[in-house]
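The structure under discussion appears below in the form of structure tokens.
We did not get these values from a lab; they are worked out from the coordinates using the rules stated. On a predicted model such as this, the values are computed, not experimentally measured, just so you know. Neighbour counts run over all protein chains shown; Cβ positions are idealised from the backbone, glycine included.
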Amino acid sequence: MSDTKLSKDRPPKEGNSRRRVLGMIATGALALSGSALGLLTAVFFKPRVTYGPPQKFRVGKPATFTSGSEIAYQKQAVLVRREGNQFAVISTKCTHLGCTVNATDIGFECPCHGSTYDRRGSNVSGPAPSPLAWFLISLAPNGDLVVDKDKKVPAGTYLEIKA
Amino acid sequence: MSQIEAPDYERLPVKPDKTYGLMCVVPTRSEAVNVQTEKQVLAWPDGLIRYVLLFLVLFMVLAVISLLFNAPLEEPANALHPPNPAKAPWYFLGLQEMVSYSAFWGGVGIPTMLVLLAIAAPYLESKPGGEGVWFHSSRSAANWIFLGIMGTLGLLTLIGTLFRGRNWDFVLPW
Amino acid sequence: MQSVPHADETRGKSILHRIWYSIFRSPPLPVSELDRAQSVANNFFLHIHSAKVHERALRFKTTLGLGLMTFFTFIILVVTGILLMFYYVPTPEKAYDRMLDLRSAVFFGTFLRNMHRWSAHAMVLLALLHMMRVFLTGSHKSPREFNWVLGVFLLLLTLFMSFTGYLLPWDQLAYWAIVVGTAIAGYAPVVGDQVRFILLGDSQVGSEALLRFYVLHVAVLPTVLTLLIGWHFWRIRKDGGLARPREDLALAPAPAGTGSDNAPEDAPPEKEER
């Protein structure tokens, strides 16, 4: 009901700067801790351990690959290619919608929506928007080849192994 | 509202040091007797009985569909054998169709803009008029834009659902 | 407007009478307008609804019943979904077998799954149609802007709800639909791959993705959806009921002090239905 008449019982609000500053500090502190909690929760949802196939894995000694061979690792969705003494790892995950592409004589073909790539992994036709990724391949101290899918390299980057 | 903001203090003095509450309810035929309430009907039973009937009809329709058609179940998931074509659920096939033209714009750009546009729509269309009337003439521009967008999305969804076959090539569904 | 029966009124009445009034406060089949209004206003589940409705809002042509039907499919989905949960295991090894068991070893299992599946499709479709109805009747305009915004979020949640449920049977259809659907999310610039990784809990669709989608599908999203639906309905009442033409609003001004107790603070006393 009559706000105007009741309000004279309350102390005047304006000009009480201490109360306002304290209010602002409290609001700020609440907002800060709230967003900190939000951030923690967001970090919580990012797993540190995954249970699927690992991103970094060994594929065996260089000698197990014959020159000119292309071996597909379907579970990890990569293909290891050897040309002479050069090794490269190309992703077989289609850049369109994530299906696994198959190697053909002239490159790669996606069975889902028909995207094709040349032997360098550049997208040639179909809906694929970008080339296939190339991953880092390196030599472990014990002589095994190691593929790291977390590290991308420019297309055409080969690892030279002195035989 | 106005009569609440400016009470008739002369006739009905309001004392600031008192609180007021509802003291009794007078039994009458109608709760309020002004003209505005004339077209009002009681939610119980006029509304609720209709809701219950609507529910029963809907339930029966869904039950009949469920008895006649089995939910699809294909072979177990196999990450090594992608089907051709691999399709998202039907309500995303409009997106998938757009993705086949432009990856970023089809999958992210346009959908984001559409959602923002939908949220902004009532604030953009601020001129009053035409509320509660189907296809009101004063809103035909807005309605046509809306129908245009929904129609395009519907068409893309339809193409993605029925007219896309192997290799996402255009096929006829019959 | 509370009507707690006086102790005197129930004294000497049968125990059933006293139990009924201890719960409901108004007669089982109310006849007077006051009792009828109170049986809505004093009921926990119905009080979100206004006690009175404009007769126009109840005509089928006004809404085509689309919002209500969306809500009803949600109710059906919650019930069938909870029943299905009793026989489902969210692991890649077992999920598909449980689908087969649902067909062969669970009484009513096929019907339950069918009902859940078709109701889910119906809910997405009905929500879209409801959105079209609201726009084409201009019902999203002031003062109902925010309820429209809530509706947009409800639609997005419904889509996400359906999408997370799509993976659970763990068949080819489910698996590749989610591979393709999450790949679309990966197209977002900068954060796309991160979003996809967090959503799947891994770099590809596997056991983590199944678990995450399951938790989202049966716990997180239904809770958020239920709260937003409640908010959405409550706003209908607070925004003065369903939108209706000015001719119907511009009637004689209410005489002072005759506003109904059930009226929203700010609107003429009328309302309802979605």
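First obtain the Kirkwood hydrodynamic radius of the stretch C:1-143 from its Cα pairs, then insert it into the Stokes-Einstein equation at 4 °C and 1.567 mPa s, and state the resulting D in µm² per second as a whole number. Could the numbers behind the result be given before it?
On the way: Rh = 19.5 Å.
Calculated translational D: 66 µm²/s.
Mind pulling up the Rg/Rh value for the stretch B:103-171? Radius of gyration and Kirkwood radius, both on Cα. Mind dumping the intermediate values first?
On the way: Rg = 16.1 Å, Rh = 14.4 Å.
Rounded to two decimals, Rg/Rh equals 1.11.
Which stretch or stretches of the stretch A:34-61 have amide N atoms under 12 Å from the point lying 7 Å from A:K162's Cα along the Cα→Cβ direction?
Of the residues in the stretch A:34-61, none has backbone N under 12 Å from the label point off A:K162.
Pick out the long, greasy-scoring helices in chain C: whole DSSP H runs spanning 24 Å or more along their own axis by Cα, mean Kyte-Doolittle at least -0.5. List each step's numbers first, then the result.
Details: long enough: C:66-85 (28 Å, 2.51); C:109-136 (40 Å, 0.73); C:145-167 (34 Å, 1.56); C:221-238 (25 Å, 0.55).
Span-like helices in chain C: C:66-85, C:109-136, C:145-167, C:221-238.
Extending each Cα 7 Å along its Cβ direction at C:S32 and A:S69, get the distance between those two points in nm, one decimal.
Here the modelled spin labels are 9.4 nm apart.
Quick check on the exposure proxy: order A:D150, C:D193 from fewest to most C-beta atoms within 10 angstrom. Display every interim value, and only then the final one.
Details: A:D150 9, C:D193 13.
Ascending number of Cβ neighbours within 10 Å: A:D150, C:D193.
Let me understand chain C better: what is its radius of gyration from the alpha carbons, and its Dmax, in angstrom?
23.6, 74
If you fit an axis through the alpha-carbon atoms of helix A:17-45 and take the longest principal axis of the Cα set of chain A, what angle between them do you get, 0 to 90°, nearest 10?
The angle comes out near 20 degrees.
Based only on Cα atoms, what Rg/Rh ratio does the protein assembly as shown have, Rh being taken as Kirkwood's radius?
Working: Rg = 31.2 Å, Rh = 29.1 Å.
Looking at the protein assembly as shown, the ratio lands at 1.07.
If you keep only loop residues by DSSP, which trypsin sites (Lys or Arg not before Pro) in the stretch A:13-105 have at most 13 other Cβ atoms within 10 Å of their Cβ?
Values: sites: A:K13, A:R18, A:R19, A:R20, A:R48, A:K56, A:R58, A:K75, A:R81, A:R82, A:K93; in loops: A:K13, A:R48, A:K75.
For trypsin sites (Lys or Arg not before Pro) across the stretch A:13-105 that sit outside H, G, I, E and B with at most 13 neighbouring Cβ atoms in 10 Å, the list reads A:K13, A:R48, A:K75.
Please work out the Kirkwood hydrodynamic radius for the stretch A:14-117, using every pair of different C-alpha atoms, and report it in angstroms with one decimal place.
Over the stretch A:14-117, the inverse of the mean reciprocal pair distance is 18.7 Å.
Using only alpha carbon pairs under 8 Å that are at least six residues apart, calculate the relative contact order of the stretch B:35-174 and give it in whole percent. Don't skip to the answer; put the middle values down first.
Values: 67 pairs, mean separation 37.8, N = 140.
Relative contact order here is 27 percent.
With an 8 Å cut-off on Cα pairs and a minimum separation of 6 or more residues, tell me the relative contact order of chain A in percent.
On the way: 240 pairs, mean separation 29.7, N = 163.
RCO, chain A: 18 percent.
Check chain C and count each lysine pair with an alpha-carbon distance under 20 angstrom, considering only pairs eight or more places apart or from different chains. Can you show the working numbers first?
Values: C:K52/C:K61; C:K52/C:K238; C:K52/C:K271; C:K61/C:K141; C:K61/C:K271; C:K141/C:K238; C:K141/C:K271; C:K238/C:K271.
Close lysine pairs found across chain C: 8.
Out of A:S130, A:G84, A:A72, whose Cα points farthest toward the positive end of the dipole of chain A (charges: +1 Lys, Arg; -1 Asp, Glu; placed on Cβ)?
A:S130
Report, please, the projected area of the stretch B:42-137 averaged over directions, based on the convex hull of its C-alpha atoms, in nm². Walk me through the numbers on the way to the answer.
Values: hull surface 49.8 nm².
Hull-based average projected area comes out at 12.4 nm².
For chain C, what is the relative contact order in percent, using Cα pairs closer than 8 Å and at least 6 residues apart in sequence?
Working: 275 pairs, mean separation 64.3, N = 274.
Once normalised by length, the contact order is 23 percent.
Rg/Rh for the stretch C:116-230 to two decimals, with Rh computed the Kirkwood way over all alpha-carbon pairs. Could you put the intermediate results ahead of the total?
Working: Rg = 15.9 Å, Rh = 15.5 Å.
The Rg/Rh ratio comes out at 1.03.
What order do you get for A:S69, C:S207 when you list them from fewest to most C-beta neighbours inside 10 Å?
Numbers: A:S69 11, C:S207 18.
By the 10 Å Cβ count, ascending, the order reads A:S69, C:S207.
For a footprinting-style exposure proxy, rank A:D105, C:D97 by other Cβ within 10 Å, fewest first.
Ranked by crowding around the Cβ, least crowded first: A:D105, C:D97.
Show the residues, 5+ positions off or on another chain, whose built amide H is closer than 5 Å to the amide H of C:D171.
B:A77
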